[in-house]
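The values are calculated or read from the model by the stated rules, or taken from the named source; none is laboratory data. Keep in mind the model is a prediction, meaning the values are calculated, not measured. Cβ atoms come from the backbone with ideal geometry, glycine included; neighbour counts cover every protein chain shown.
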Amino acid sequence: MNTASVSLGASVSSQSRFVQLALAAFLGVFVMGFVGFSHIDAVHNAAHDYRHSMGFPCH
Amino acid sequence: MTLFRNVVFIAAIAGLVAGVVLACMQAFATVPLILKAEVYEQAGGGHTHDHIAANTTDANAMSRAEPGEAAVPEDEGWAPADGFERFTFNVVANVVTGIGFALILVAASEFAGGIGNWRQGVFWGFAGFAVFTLAPNLGLPPELPAMPAADLSQRQIWWTATVVVTAAGLGLLAFRKSLPLAVIAVALIVAPHIVGAPQPDSFESPIPERLHHQFVVAVTLTNLAFWLVLGAVVGLVRGRLSGTATGLRDSLA
């Protein structure tokens, strides 16, 4: 798409780049999973309206 | 860890902005419908979530979670008080998961070269909308309280699998210039809908069809706006962070 794009961490090696991006994505999945999918009652109740409003499986 | 730090920084700003925007839209568009549905839920015998008990005779019963879990009514325990407290928790949930979605969006887009400007961000946001809202909601339409639904864990598994294969399919379509891979991509996107989402035993619902339809439209549109704002803000913040060169040079088409 854009070959000359400015990268966010231009100096990092490609392996370290992969690890850092994967870590960030994993953190995102974890946060989303905890708020949206956790079976803990208190978490479910706190985020109840959110889960319904996002079309997440609820109840 | 500069890259990680930058990704988190961008995601935090974008998630905060898009999460607050979504929470405000929900306060007008979806939450009033949820409250209306709860009136029907109370009227229907007062016991909330009774469809869970009905599901123990589900055809998929063998693969469901341990019965003890289903027997416990899920609405017990602490819950935020109606009104301001409930609204506040909804805002917090929106911001926290907004940052979560933003982390996924930024990390995924960095693998593909990064979101250069707000316009590219809108397209990435649209992809996020297709993956996280459109695809799973085709099989599992957004439900209102008291609506019949299949076992929760089964639905969560289907939801997650649909998101993963739809994302993989879109990624293949967008970034691999090969016809066989494009065919596989379409197959991936279609597959979860051929398998089919877990369905409830009975579709009998105390919720009027019109109310539910209104809710589905509200959820879809608010999520669309959320994802477009999220992508656009990622593009704007990233452009600032990585210098003006990106923002000036790039255009998607």
Discussion item. Scan the stretch B:97-117 and tell me whether some residue there is buried (at least 20 other Cβ atoms within 10 Å of the Cβ), on the phi < 0 side of the Ramachandran plot, more than 10 Å from chain A (Cβ to nearest Cβ) and modelled with pLDDT of 95 or more.
Written reply: no
Practice prompt. Could you list all residues from the stretch B:175-194 that are in contact (Cβ under 8 Å) with a residue 24 or more places away in the chain and more than 9 Å from chain A (Cβ to nearest Cβ)?
Written response: B:189, B:191, B:192, B:193
Fill in: the stretch B:135-159 - residue that is buried (at least 17 other Cβ atoms within 10 Å of the Cβ) and of a type in the set (A, V, I, L, M) and, of those, nearest to the chain's Cα centre (by Cα)
B:135
Fill in: Of residues in the stretch B:238-253 being within 11 Å of chain A (Cβ to nearest Cβ) and modelled with pLDDT of 50 or more, the one surrounded by the most Cβ atoms within 10 Å (Cβ to Cβ)
B:238
Worksheet item: Within the stretch A:30-50, which residues are surrounded by 18 or more Cβ atoms within 10 Å (Cβ to Cβ) and under 30 Å from residue B:112 (Cα atoms)?
Response: A:31, A:32, A:35, A:36, A:37
Practice prompt. Kindly establish whether residue B:162 is free of Cβ contacts under 8 Å to residues at least 40 places away in the same chain, crowded, with 20+ Cβ neighbours inside 10 Å and among the hydroxyl-bearing types (Ser, Thr, Tyr).
Written response: yes
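Every residue, every condition in (1) closer than 12 Å to residue A:55 by Cβ; (2) in contact with a helix residue (DSSP H, G or I) (Cβ under 7 Å, 6 or more places away or on another chain), yes or no:
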{"position": "B:130", "(1), (2)": "no, yes"}
{"position": "B:140", "(1), (2)": "yes, yes"}
{"position": "B:164", "(1), (2)": "no, no"}
{"position": "B:179", "(1), (2)": "no, no"}
{"position": "B:183", "(1), (2)": "no, no"}
{"position": "B:207", "(1), (2)": "no, yes"}
Worksheet, complete the sentence: Of the residues in the stretch B:4-32, those that are surrounded by 23 or more Cβ atoms within 10 Å (Cβ to Cβ) and assigned to a helix (DSSP H, G or I) come to B:7, B:10, B:11, B:14, B:15, B:18, B:19, B:22, B:23, B:26
Practice prompt. Go through the stretch B:35-67 and count every residue that is surrounded by fewer than 19 Cβ atoms within 10 Å (Cβ to Cβ), in a helix (DSSP H, G or I) and modelled with pLDDT of 50 or more.
Written response: 7
Item to complete: Filter the stretch A:23-53 down to the residues that are in a helix (DSSP H, G or I) and more than 7 Å from chain B (Cβ to nearest Cβ), then identify the one that is farthest from residue B:81 (Cα to Cα).
Response: A:26
Practice prompt. Identify the single condition in (1) at pLDDT below 95; (2) in a helix (DSSP H, G or I) that residue B:217 does not satisfy, given that it satisfies every other one.
Written response: (1)
